[in-house]
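Notes follow the structure.
The values are calculated or read from the model by the stated rules, or taken from the named source; none is laboratory data. In this text the structure is predicted, and so the values were computed from the model without any measurement. A quick note on method: Cβ atoms are made from the backbone with ideal geometry, for glycine too, and the neighbour counts reach across all protein chains shown.
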Amino acid sequence: MALSEPRTDAPGVPADHGFHLLRVADVVRETAEASSFVLDVPPDLRAAFAYEAGQFCTFRVRVGGESHLRCYSMSSAPVVDTELKVTVKRTPDGVVSNWMNDHLAPGDPIEVTRPAGVFTLGGGGDFGGGGDLVALSAGSGITPVLSLLKTALATTPRRVSLLYANHDEAAIIFRSELDALRARHEDRFHVQHHLDVDQGFIGADAVRRFTDTAQDPEFYICGPGPFMDIVEGTLLDGGVEADRIHIERFTPDGWVPEVDDADIALGPSQVTIELDGRTESTGHRPGTTILQTARQMGMSPPFSCEAGSCATCMARVLEGTASMHVNNALTEDEVAGGWVLTCQAVPTSPLVRVAYGYEE
C-alpha cells in the first residue's frame, strides 16, 4: 500500500487532475437508450487529453441544482480515431446518464477531467503480449472494450474475440461498427452475440464454451456487476491466472473494507476532515476509508469511481499518515506530498487530519 506522509509546504495539485471545460462537437444516437458524445478538445489541451484505449474521463454536471460526478469510458481509439468520443447509456436511476442523453447537445459546454484508468492493453510495443485477446462485455460495458478491440486489431497481429451480451437486438450498441471490424479482420476477429431474450442470462457454461479454445489469452471484462462476477468466477475456477483477467469496475457494489492486523494494532484513532469550509472530527472505525468516514459524519465529499483510478476523491493529509489499498491515479510526487485517494485511504496514525480541495 502507498503511504502518504503529511506535508504543509508541498506545491498545489497539478492542473491536469482538475476539471476542464470542453464543448460537445457532436452527438450520435447509437440506440434508443445510448448516445455517443464527441468532445472538442482545443489545441492547448490535446496533450492533457491524450489517452490510452480503455481509459475514461470523469464528468461533472449540475442536475436539479446539485453537482454530480460520473466516469465514462472512451469508445474511440487513439490510434485509429481523430476524435475523442465517450458513449453513455441511460439507466433507470441514472441521474447523469439520463440527463446527458436527454439534454446534452452539440455546442454545449461540459466539465471533464483528463483521461485516467488502468483497463488498458499494457505497456510496450506488443501491448501486453502476443496471445489471444478475449473480451467479454454486456450492455454499455462494450464502450471501453470497443476501444481496446480497435487498438489491438490496428496495431498487433493478435487474434481477437468478443462475447457481447444484451437484452435483445435493439440494445446492441455499435452493431454496425462491430460488423465492419469483423468484415475488415475476418481472419482474426470473432464476435459472438448473446441475447438474453432468446438465451436467458449468460452463465458459466456459455463463458466456458467461448473461452476454452483461446490460446495464451488475456481476458478483458466489462459490464454489470453480476455479469462480471460470473465471468471472473468461471475463469478463475477454470484455472486462469488472476493477472490475466482485467476488469473495469466503476461501482464497487457490496465492497466492504478489509480490517487487517495493522488496523487493529493501531487501536482507536481520530479523523478530522476539512471540506467546503466545514471541519468535523470523529473516532475512526478500523478498516473504514477516509471517504466513508466523511460520509458517516454527514459530509458530501467528492467521489466517482471508488476504485482508486480517477482522483476525483483526492485530498491532502495535513497531520498524521494514511495508506492506500489501491492507487492508480496519483504520481509518486503527489503521494510524497501528502495526497491520497480518500476512497482507498485508511489512517495509519492515531490522529489524521485531511483537507479536501485544491486550486484548479
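Worth pointing out:
Residues checked against (1) in a helix (DSSP H, G or I); (2) more than 21 Å from residue 89 (Cβ to Cβ):
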site: 135; (1), (2): no, no
site: 140; (1), (2): yes, no
site: 145; (1), (2): yes, no
site: 148; (1), (2): yes, no
site: 164; (1), (2): no, no
site: 181; (1), (2): yes, no
site: 192; (1), (2): no, no
site: 205; (1), (2): yes, yes
site: 210; (1), (2): yes, yes
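- Taking every residue in the stretch 278-299 that is assigned to a helix (DSSP H, G or I) and pairing it with any residue that is among the β-branched types (Val, Ile, Thr), at least 6 positions away or on another chain, the pairs with Cβ-Cβ distances below 6 Å are 290/342; 290/354; 291/342; 293/271; 294/273.
- Residue identified as at pLDDT 95 or above, closer than 15 Å to residue 94 by Cα, of a type in the set (Ser, Thr, Tyr) and more than 18 Å from the chain's Cα centre (by Cα) among 35, 67: 35
- Restricting the stretch 195-218 to residues that are crowded, with 20+ Cβ neighbours inside 10 Å and of a type outside the set (Gly, Ala, Ser), the residue that is nearest to residue 122 (Cα to Cα): 218
- Note on the stretch 273-312: among residues that are of a type in the set (Val, Ile, Thr) and surrounded by fewer than 17 Cβ atoms within 10 Å (Cβ to Cβ), the one that is nearest to residue 347 (Cα to Cα) is 282.
- Residue that is free of Cβ contacts under 8 Å to residues at least 24 places away in the same chain, of a type outside the set (A, V, I, L, M, F, W, C) and either touching a strand residue (DSSP E or B) at 6+ places or on another chain (Cβ under 9 Å) or assigned by TED's automatic domain parsing to the domain that holds residue 231 (or both), where the choices are 192, 199: 199
- For the stretch 65-101, a residue qualifies if it is free of Cβ contacts under 8 Å to residues at least 12 places away in the same chain, exposed (fewer than 14 other Cβ atoms within 10 Å of the Cβ) and not hydroxyl-bearing (Ser, Thr, Tyr), and the qualifying residues are 65, 66, 92, 93.
- Criterion: hydroxyl-bearing (Ser, Thr, Tyr), modelled with pLDDT under 95 and within 20 Å of the chain's Cα centre (by Cα) - qualifying residue of 91, 87: 91
- Residue list for the stretch 94-120, filter: over 20 Å from the mean Cα position of the chain (by Cα) and of a type in the set (D, E, K, R): 102, 108
- Members of the stretch 241-265 found to be farther than 18 Å from residue 314 by Cα, modelled with pLDDT of 50 or more, outside any strand (DSSP E or B) and not charged (D, E, K, R), listed by number: 242
- Selection from the stretch 145-180 of residues that are over 21 Å from residue 131 (Cβ atoms) and touching a residue at least 24 places away in the same chain (Cβ under 8 Å): 165, 166, 167, 168, 169, 170, 171, 172, 173, 174, 177, 178
- Residues within the stretch 301-339 that are farther than 16 Å from residue 116 by Cβ and among the β-branched types (Val, Ile, Thr), tallied: 2
- Where a residue in the stretch 301-317 is farther than 22 Å from residue 353 by Cβ and its partner, wherever it lies, is basic (Lys, Arg), with Cβ under 6 Å and at least six apart: 307/249
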